[in-house]
Amino acid sequence: MSDPDRRYLTTPIYYASGEPHIGHAYTTFLADALARYHRQAGARVLFLTGTDEHGQKIQEEAKRRGVEPQELCDAMAGRFREAWAELNISYDRFIRTTETEHQQVVRAFVQRLMDRGHIYEAEYEGWYSVHEERFFTEKELGPERTDPIAGRPVERIREKNFFFRMSRFQDDLIRHIQENPEWIRPENRRNEVLGFLQNPLSDLSISRPRSRLEWGIPLPFDEEHVTYVWVDALINYLTASGAIRPDAEDQGFDDVSGSWWPADLHLIGKDILTTHAVYWPTLLMGAGLPLPRQLLAHGWWVVGDTKMSKSLGNVVDPLELTEQFGSDAVRWFLLREMPTGGDASYTPERFLARYEELANVLGNLASRVTSMVARYRDGTVGPAPFDGLDGPIDRALDQVHGSMEELRIHEALAAAMELARAANGYVESQEPWALARKDDGEEALDQTLGSLLRALVHLTALFLPAMPDRMGDLAESLGLDGVPTLEEAAGISPSSLAVKKAPPLFPRVELTD
Ligand code: MSP
């Protein structure tokens, strides 16, 4: 079982050949929301993200731009860091595969596989997609002899490679997936991997000759070959865990205790399921290391009903949306709109509809409640039983916890929004403005406004993982010293708060294009 006090969460490391877009942002928001949720519950968290900087794709992009690969990577790692700062990503470690430490861990890992007899050398011929950075079998290729994931051209390659005996681990992997039904989430992705494993697993080419590809980590046992970029990239999760110490005598392979390994959750898109659910666990088995505890493969963002791609010129830039709406609105849209298992579509209209939901339900609640407390009670309600919304609060807490644990973030957000809706309904039915006019309405007014404040205090905590900025602002208007944890929220008495009228949390914005 995983230790509830400690969570190690990862995003894929993004190729340093392209700009961050909403697809990258989505996975990163998911990880960020989970990291914040677990920190809120008191866990120690290691949240890892970074950039994937080796391989043919990077080498070709650098050449196209007329710069050295390292220059391109430095620039792009900077772009990702800037984007994540702008979008409020609370990562603990940003890893780059060109870091010395990582290069050493990769070499130690590959050497370990060699020492354990899992690597051999052979001639190889196959169809390679530079876009996906992997070989495909004839059977897997698309109708036009294109790669089956992105539909890009493939090239025929024949060369001497080193191979990892992946086939040896097929049965162990199948057993692992069958014995751990939660290991790959959601269920449809698990079935996809089990389906893939019904065919014999081939061995994995783990090297590229330097004569063809310079830009990679040389193999420790043959400097004329560099490590295949996917092997290099997957090992980033291990490097950042601190489990492997290349210079120490025991190197750490036999005892990972005291490090963050194994990861609790790898968050990925469905496009990279095979590499994470087949290559990675078998490589770890080969090295004799524990497997990550869980993988979550989410669906694909499309634009309208079209695939998002550079060549179509329809790539949605999360930073542009942030400029207009603020980063929390972008986080909210992406996290709320995509069901964890399925695909989702971005359109300006959908975005606006979700934004209006935020403004009309949560924003409206915050401004009407704080303004009534300021106006009718000079900022502080008198003591009364504040239990008017306890039912909806308890329901929201239960549902949010349950959904977050099951990695159904969209449902957690829907449940929190239900609480805000219930609180708005309570305002309508209690009519605090009428109570304020009644001579004997004092206690009922305190009880009503206090119950609403209690709901708002909980809402700051419930929405914090998705909207850290705006929830910080709301907490300030409520007179809180920062957003409370869920546990703290329950102990805060509404009559202890000095409330100020909240400025609009989600102001009206016109969409520009
Ligand atoms: N470098 C590899 C990953 C190595 S991890 C050891 C890679 N990089 S990538 O830049 O192509 O990013 C892929 C990831 O970005 C996907 O798995 C997904 O998490 C996210 N997305 C990229 N485009 C996406 C959509 N259109 N929709 C949703 N997520 C997508 O693959």
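The values are calculated or read from the model by the stated rules, or taken from the named source; none is laboratory data. This one's a predicted model, so the numbers in the text were calculated from it and none came from an experiment. Quick reminder, even Gly has a Cβ in these numbers, built from the backbone with ideal geometry, and neighbours come from all protein chains shown.
Of all residues in the stretch 221-265, count the ones that are of a type in the set (Val, Ile, Thr), away from the ligand (no atom under 15 Å from the Cβ) and either at positive phi or within 25 Å of the chain's Cα centre (by Cα) (or both).
Number of matching residues: 2.
Check the stretch 138-155 and report whether any residue there is closer than 30 Å to ARG245 by Cα, modelled with pLDDT under 95 and in contact with a helix residue (DSSP H, G or I) (Cβ under 8 Å, 6 or more places away or on another chain).
The answer is no; no qualifying residue exists.
Can you confirm whether ALA243 is assigned to a loop (DSSP other than H, G, I, E, B) and touching a residue at least 12 places away in the same chain (Cβ under 8 Å)?
yes
For the stretch 111-124, which residues satisfy the criterion of being of a type in the set (Gly, Ala, Ser) and part of a loop (DSSP other than H, G, I, E, B)? Lay out the reasoning, then the answer.
Narrowing the stretch 111-124 to residues of a type in the set (Gly, Ala, Ser): 117, 122.
Matches in the stretch 111-124: GLY117 only.
One line per residue, one yes/no per condition, for (1) outside any strand (DSSP E or B); (2) surrounded by 16 or more Cβ atoms within 10 Å (Cβ to Cβ):
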site	(1), (2)
GLY126	no, yes
PHE135	no, yes
GLU140	yes, no
GLY151	yes, no
ARG156	no, no
LYS160	no, no
ASP171	yes, no
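Within the stretch 124-141, does at least one residue satisfy the condition of being touching a residue at least 40 places away in the same chain (Cβ under 8 Å) and in contact with a Pro (Cβ under 6 Å, 6 or more places away or on another chain)?
There is no residue in the stretch 124-141 that is touching a residue at least 40 places away in the same chain (Cβ under 8 Å) and in contact with a Pro (Cβ under 6 Å, 6 or more places away or on another chain).
I need the full set of residues from the stretch 474-509 which are loosely packed, with under 13 Cβ neighbours inside 10 Å and among the acidic types (Asp, Glu), in order please.
ASP481, GLU487
Starting from residues that are within 30 Å of the chain's Cα centre (by Cα) and of a type in the set (Lys, Arg), keep the ones in the stretch 115-152 and report whichever is nearest to LEU312 (Cα to Cα). Step through it out loud before you land on a result.
Initial filter on the stretch 115-152 (within 30 Å of the chain's Cα centre (by Cα)): 128-136, 140-142, 146-152.
Adding the requirement that they be of a type in the set (Lys, Arg) leaves 134, 152.
Numbers: ARG134: 23, ARG152: 13 Å.
Here the residue is ARG152.
From (1) within 30 Å of the chain's Cα centre (by Cα); (2) touching a residue at least 24 places away in the same chain (Cβ under 8 Å), pick out the condition that doesn't hold for VAL483.
(2) is the only condition that VAL483 fails.
Filter the stretch 266-286 down to the residues that are within 11 Å of the ligand (Cβ to nearest atom) and either touching a strand residue (DSSP E or B) at 6+ places or on another chain (Cβ under 7 Å) or under 20 Å from ASP203 (Cβ atoms) (or both) and list them by number.
HIS266, LEU267, ILE268, GLY269, LYS270, ILE272, LEU273, THR275, HIS276, TYR279, TRP280 - these are the residues of the stretch 266-286 that are within 11 Å of the ligand (Cβ to nearest atom) and either touching a strand residue (DSSP E or B) at 6+ places or on another chain (Cβ under 7 Å) or under 20 Å from ASP203 (Cβ atoms) (or both).
Would a scan of the stretch 306-315 turn up a residue that is away from the ligand (no atom under 13 Å from the Cβ) and over 17 Å from the mean Cα position of the chain (by Cα)?
Step one: list which residues in the stretch 306-315 are away from the ligand (no atom under 13 Å from the Cβ), which gives 311, 313.
Restricting the remaining residues to those that are over 17 Å from the mean Cα position of the chain (by Cα) gives 311, 313.
For the stretch 306-315, residues away from the ligand (no atom under 13 Å from the Cβ) and over 17 Å from the mean Cα position of the chain (by Cα): present.
Of (1) over 30 Å from ILE184 (Cβ atoms); (2) modelled with pLDDT of 95 or more; (3) crowded, with 16+ Cβ neighbours inside 10 Å, GLN399 satisfies all except one. Which?
Condition (1) is where GLN399 drops out.
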